[in-house]
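The values are calculated or read from the model by the stated rules, or taken from the named source; none is laboratory data. Being a predicted model, the structure only gives us computed values, none of them experimental. Cβ placement follows ideal geometry from the backbone for every residue including glycine, while neighbour counts extend to all protein chains displayed.
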Amino acid sequence: MAAAVWGASAVLAAPRRWNVLFVAVDDLRTELGGYSHAHVHSPNIDRIARAGMVFRRAYCQRAVCAPSRSSLLTGRRPDTTRVYDLKTHFRKHLPDVVTLPQLSVRNGYFVQGMGKLCHGGQDDPPSWSVPWTRPRTTTYALPTNQALVAQR
């Protein structure tokens, strides 16, 4: 009986593990329902926003995306990461920095990255539980849009 009581109290004392879905979006303004705008129909993103956390005061670090992504991953500003362009990897100047996903991996979370968080050739293996997932297509465009581009 003591083991059953101990087991129950151990379950009650166990820390709650959060499920985390972190979405970093490139080139998207706040024109979504989650930001109180109704002119863009985005029910799935709006539902995630209602159930989670929406950042209302997040700012772009530079006019190109890689410095902001590096700041997002490392918690460091571009003057520290020295990422000002699309070619420099933050590990060049901060080889031992611990990224947000890397910290999560170290704390027992399964972390998988996918999409366009890292530009080609700039993956960061220490940040992920499994190798980075690349899209199977050569572009993010829909096939109909790819056909339009091919006509040019």
Single unsatisfied condition, C118 versus (1) modelled with pLDDT of 75 or more; (2) within 17 Å of G75 (Cα to Cα); (3) not charged (D, E, K, R): (1)
The range 35-55, residues that are part of a loop (DSSP other than H, G, I, E, B) and without any contact (Cβ under 8 Å) to a residue 24 or more places away in the chain: S36, H37, A38, H39, V40, H41, S42, M53, V54, F55
In the range 53-88, the residues that are small (G, A, S) and modelled with pLDDT of 85 or more: A66, S68, S70, S71, G75
All positions within the range 83-102 that are over 29 Å from L21 (Cβ atoms) and in a helix (DSSP H, G or I): K92
Verdict on V111 being under 15 Å from the mean Cα position of the chain (by Cα), modelled with pLDDT of 90 or more and surrounded by 14 or more Cβ atoms within 10 Å (Cβ to Cβ): yes
Among (1) within 18 Å of W132 (Cβ to Cβ); (2) of a type outside the set (S, T, N, Q); (3) surrounded by 11 or more Cβ atoms within 10 Å (Cβ to Cβ); (4) at pLDDT below 90 - the single one A49 does not satisfy: (1)
